[in-house]
Protein chains: 2
Amino acid sequence: MPVPTHRAAFGARVRELRVERGWSQEDFAHRADLDRTYVSGIERGRRNPTLDIIYRLAGTLDVSAADLLAERA
Amino acid sequence: MPVPTHRAAFGARVRELRVERGWSQEDFAHRADLDRTYVSGIERGRRNPTLDIIYRLAGTLDVSAADLLAERA
């Protein structure tokens, strides 16, 4: 199934912020109390995270939830 | 179960934009192709919508998804 554009953009933004922090997917998953395969699926746009998970990811990355969904230039 | 703050804020924002447009919950649900009870649950913070649904709501309201999650002043 093709990945919807908004999921791909969300995943790319999460990955960008994670890499900026120098964290592996495993580091990030541990900090967010999520499974590493789930984080990988999010970054590839294969998962459809809920509002609760979006806020958890944003809190772990120390950005606003809106920042994860922001349109990129 | 108490409603998480981020869900309550999201629901309030959705409701605010819906009312601004002069739409009933039923109007809005029809436009978004969702069930009216689901829309009601979202507005009361009882539902935990996915990224796909957040984008569908935003598209129906003609705002960005980030706008639905923005911190309010």
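If you take the Cα centroid of chain A and the Cα centroid of segment B:13-73, the two points sit 22 Å apart. Over the protein assembly as shown, DSSP H runs of length four or greater, each weighted -39,500 (n - 2.57), average out per residue to a 222 nm ellipticity of -19000 deg cm²/dmol. Our coupling estimate for segment A:57-64, obtained by passing each phi through the Karplus curve with A = 6.51, B = -1.76, C = 1.60 and θ = phi - 60°, is 4, 4, x, 5, 7, 6, 10, 6 Hz, Gly and Pro reported as x. With label points set 7 Å from Cα along Cα→Cβ, the inter-copy distances at A:Gly59 are 3.0 nm, sorted shortest first. When the GluC sites (Glu not before Pro) in chain B are filtered for DSSP coil states and for at most 14 other beta-carbon atoms within 10 Å of their beta-carbon, the remaining sites are B:Glu71. Copy-to-copy label distances for A:Glu26, where each label lies 7 Å from Cα along Cα-to-Cβ, are 5.6 nm in order of increasing length.
Eigen-decomposition of the gyration tensor built on the alpha-carbon atoms of chain B gives equivalent ellipsoid semi-axes of 17, 14, 12 angstrom, largest listed first. Karplus-derived 3J(HN,Hα) values for segment B:20-37, using 6.51 cos²θ - 1.76 cosθ + 1.60 with θ = phi - 60°, are 3, 7, x, 9, 6, 4, 5, 4, 5, 4, 5, 4, 8, 6, 10, 7, 4, 5 Hz; glycine and proline are entered as x. Loop only by DSSP, 14 or fewer other Cβ within 10 Å of the Cβ. Give me the trypsin sites (Lys or Arg not before Pro) in segment B:1-32 that pass, ordered by residue number. When the trypsin sites (Lys or Arg not before Pro) of segment B:1-32 are filtered for loop state and at most 14 Cβ neighbours within 10 Å, B:Arg21 remain. The residue of chain B whose Cβ sits closest to the rotation axis that maps B onto A, together with that distance in whole Å, is B:Ala66, 2.
Computed on the Cα trace of the protein assembly as shown, the radius of gyration divided by the Kirkwood hydrodynamic radius gives Rg/Rh = 0.98.
Since every read-out is calculated from the coordinates, none of them should be taken as a lab result. As the structure is a prediction and not an experimental result, all values here were calculated from the model. Neighbour counts are summed over all protein chains in view; Cβ atoms, including those assigned to glycine, are modelled from backbone coordinates with ideal geometry.
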